[in-house]
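Contents: one structure, followed by commentary.
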Amino acid sequence: MATDDADDVPPADRSEIPVTAEAPDSAISVAGTDHVTLIGSNEEDTVEFYRDVLGMTLVMRQPNLDAPEVTHLFFDSGDGRIVTFFVEEGRDSAAGQRPGIGAVHHLAFSIEAAELPGIKEALFEHGHRFSEFDRGAFHSLYTRDHNGLTIELVVDKYELPDDRRGEVLALAQSKRVAAGDDYVDDEHLVAAIDELGLDVVRNEVPDAATGAGFAE
């Protein structure tokens with residue numbers, strides 16, 4: 001039976017899509033993330049979690065312009081980037097998620113390193129279990145919202161300038177590949193930061209497992 005010649009080529013020898021901080025030759029060049037919109041349950045439960053637990057300010061509320069019977073809630077995630085929800089009275093909050101292709105797997109929000117202990121205590125006090133992991137390039141807490149959606153709270157290990165973050169990660173990626181390592185870790189980040197001549201602060205984060213998993 002005929003086979004695809006590519007199947008006989010070792011993965012390391014195959015051509016890969018390049019990872020780089022250089023701007024692509026694309027039809028459009030977006031300027032950043034404006035907002036992300038999710039289908040929520042009801043207004044009360046959504047506000048309780050995203051405002052009262054995560055501390056996002058509710059900055060707009062209006063009808064969904066495409067479906068006036070649905071309410072559109074706008075939350076400022078802390079840096080002017082907006083997360084919005086379509087909610088409707090009578091929708092019950094769900095206990096679990098089974099995301100498929102095209103669905104939202106999880107949302108990740110930045111937190112300050114110094115606030116990490118207080119955030120863990122607050123999650124516990126509000127009845128939200130969490131998991132804590134060292135993700136190599138950053139340190140993360142994982143919990144779930146009222147609908148079972150996984151929420152990741154991220155502490156960057158290094159205070160990188162916003163306009164250089166992609167450049168640092170892309171260079172760290174190249175160093176990871178050259179070293180034959182499985183994922184970007186401290187040594188690759190430090191090497192990239194040093195090569196780029198950046199003077200950045202390293203955040204103190206606790207030791208944590210590097211395994212995979214989410215809050216249950």
List the chymotrypsin sites (Phe, Trp or Tyr not before Pro) within the stretch 39-138 that fall in a DSSP loop (any state other than H, G, I, E or B) and whose Cβ has at most 16 other Cβ atoms within 10 Å.
-> none
At most 12 other Cβ within 10 Å, DSSP loop - trypsin sites (Lys or Arg not before Pro), the stretch 118-167 = Arg129
Order of Ser131, Ser26 under a 10 Å beta carbon neighbour criterion, fewest first | Ser26, Ser131
Most positive-pole-ward Cα, Ala170, Phe74, Leu141, against dipole of the chain from beta carbon charges = Phe74
Hey, what angle do you get for helix 186-196 against the long axis of the chain, alpha-carbon based, 0 to 90 degrees rounded to 10?
-> 70
Any idea what the dipole of the chain comes to, in debye rounded to 20, about its Cα centre with Lys/Arg Cβ at +1 and Asp/Glu Cβ at -1?
-> 340
If you plug each phi of the stretch 153-164 into the Karplus form 6.51 cos²θ - 1.76 cosθ + 1.60 with θ = phi - 60°, what whole-Hz ³J(HN,Hα) values come out, in order, with x for Gly and Pro?
-> 10, 10, 10, 5, 5, 10, 7, 8, x, 4, 7, 10
Taking the Cα atoms only, what angle lies between the long axis of helix 165-179 and the longest principal axis of the chain, rounded to 10 degrees?
-> 40
For Val70, distant residues with modelled amide H under 5 Å away = Asn64
Take every DSSP beta bridge with both residues inside the chain and express the antiparallel ones as a percent of the total, to the nearest 5.
-> 70
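Of Ser174, Ser110, how do they rank once you tally other Cβ atoms within 10 Å and put the fewest first?
Listing Ser174, Ser110 from fewest to most nearby Cβ atoms yields Ser110, Ser174.
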Between the residues Leu58, Ala113, Ala94, the Cα farthest towards the positive end of the dipole of the stretch 50-117, that dipole coming from +1 and -1 charges on the beta-carbon of Lys, Arg, Asp and Glu, is from Ala94
What list do you get for His146, His35 if you sort them by fewest beta carbons within 10 Å?
-> His35, His146
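Read the figures in this text as sums done on the coordinates, not as results from a lab. In this text, all values refer to a predicted model and were calculated from it rather than measured experimentally. Every residue, glycine as well, gets a Cβ built from its backbone with ideal geometry; the counts of neighbours run over all protein chains shown.
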